[in-house]
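One structure follows; several queries about it will come next.
Derivation of every value follows stated rules applied to the coordinates shown; laboratory data play no part. This one's a predicted model, so the numbers in the text were calculated from it and none came from an experiment. Cβ coordinates were reconstructed from backbone atoms using ideal geometry, including for glycine residues, and neighbour counts include every protein chain displayed.
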Amino acid sequence: MTIRGFSGPLKQQTSSKMRTAALLVASAAAVSAHSTWQQLWVGSTDKGTSCTRTVANNNPISSLSSSDMFCGIGPASSSGVCEVAAGSPLTVEMHAQPNERSCSQPAIGGNHYGPVLIYMAKVDDAKTAKSGSFFKVAEDGYKGTTPTWGTEILNANCGKRAFTVPSNIAAGDYLVRAEAIALHAGVGNPQPYVSCFQVKVTGGGSATPAGVSFPGAYKLSDPLFTKAIYDSSFQYTSPGPAVYSG
């Protein structure tokens, strides 16, 4: 296990000074950077924020049981709906400040290490839906080496995370729920950053994957949230359901 921001591995006999330093890194990171999911790409076409549910601010969600876990900190302003064919690529994009797309700055900085997860939920009307059954379509967690945290991969790709819409899902309106969960603040203090994008899937098949509800899908007692990432015994455990295989 490597302490982010330090050059060497965290060993079993790490000195108390280094442990204190790790805690200081985590504490400083807790207030040094916030971010928000902002833009969507359909294939190679940049749709900007034209089908984004723009959240109220770039702060993390305060609680896993908050209603903000559905589609981000409200009140979110709804926009249009972007059309995408089943089996085609979509890309979600995160940056620290509204309308900021510069690759010179991290998408989510301040040692905000954690997974990046993408969900979809079929809904009657993507513009107005306030609930949904979300199935997971992509995830970047942590593989135990540097740099493999989902947020590190996100930063290396200028805030972009591409995925493929499952080819067999039923046509219709969907919410695409993008999420990054910062874990730097320690046990019991996950910091989710969530936004939704409104899309209409065309083509496809008849599959309606089983999903989970937000809030409700995660609990503080889940393994990912009960061990500090700076602990030498930390092992990544995916939150929520497995990625839908299609």
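Assigned to a loop (DSSP other than H, G, I, E, B) and acidic (D, E): is that true of D173 in this structure?
No, not satisfied.
Return yes or no: is D231 surrounded by 14 or more Cβ atoms within 10 Å (Cβ to Cβ), more than 27 Å from T49 (Cα to Cα) and touching a residue at least 24 places away in the same chain (Cβ under 8 Å)?
Judged against the criteria, D231 is a match.
Could you list, in sequence order, all residues of the range 160-179 that are small (G, A, S) and either under 23 Å from T237 (Cα atoms) or without any contact (Cβ under 8 Å) to a residue 24 or more places away in the chain (or both)?
Within the range 160-179, A162, A178 qualify.
Of the residues F214, F197, which single one is within 21 Å of T36 (Cβ to Cβ), assigned to a loop (DSSP other than H, G, I, E, B), touching a strand residue (DSSP E or B) at 6+ places or on another chain (Cβ under 7 Å) and in contact (Cβ under 8 Å) with a residue 40 or more places away in the chain?
Residue meeting the stated conditions: F214.
Go through the residues of the range 235-243 one by one and say whether even a single one is in a loop (DSSP other than H, G, I, E, B) and within 22 Å of L40 (Cα to Cα).
no
Can you tell me which residue among A185, A170, A156 is among the aliphatic types (A, V, I, L, M) and surrounded by 17 or more Cβ atoms within 10 Å (Cβ to Cβ)?
Exactly one of A185, A170, A156 is among the aliphatic types (A, V, I, L, M) and surrounded by 17 or more Cβ atoms within 10 Å (Cβ to Cβ), namely A185.
OK, next. So F163 ticks every box in (1) aromatic (F, W, Y); (2) assigned to a strand (DSSP E or B); (3) farther than 19 Å from G246 by Cα but one. Which box is left unticked?
Among (1) aromatic (F, W, Y); (2) assigned to a strand (DSSP E or B); (3) farther than 19 Å from G246 by Cα, F163 violates only (3).
Take T146 and decide whether it is among the polar types (S, T, N, Q) and buried (at least 20 other Cβ atoms within 10 Å of the Cβ).
No, not satisfied.
Something else now. Can you name every residue in the range 65-122 that is in a strand (DSSP E or B), surrounded by fewer than 18 Cβ atoms within 10 Å (Cβ to Cβ) and among the aliphatic types (A, V, I, L, M)?
Once the filter is applied, which keeps residues that are in a strand (DSSP E or B), surrounded by fewer than 18 Cβ atoms within 10 Å (Cβ to Cβ) and among the aliphatic types (A, V, I, L, M), the range 65-122 yields only A85.
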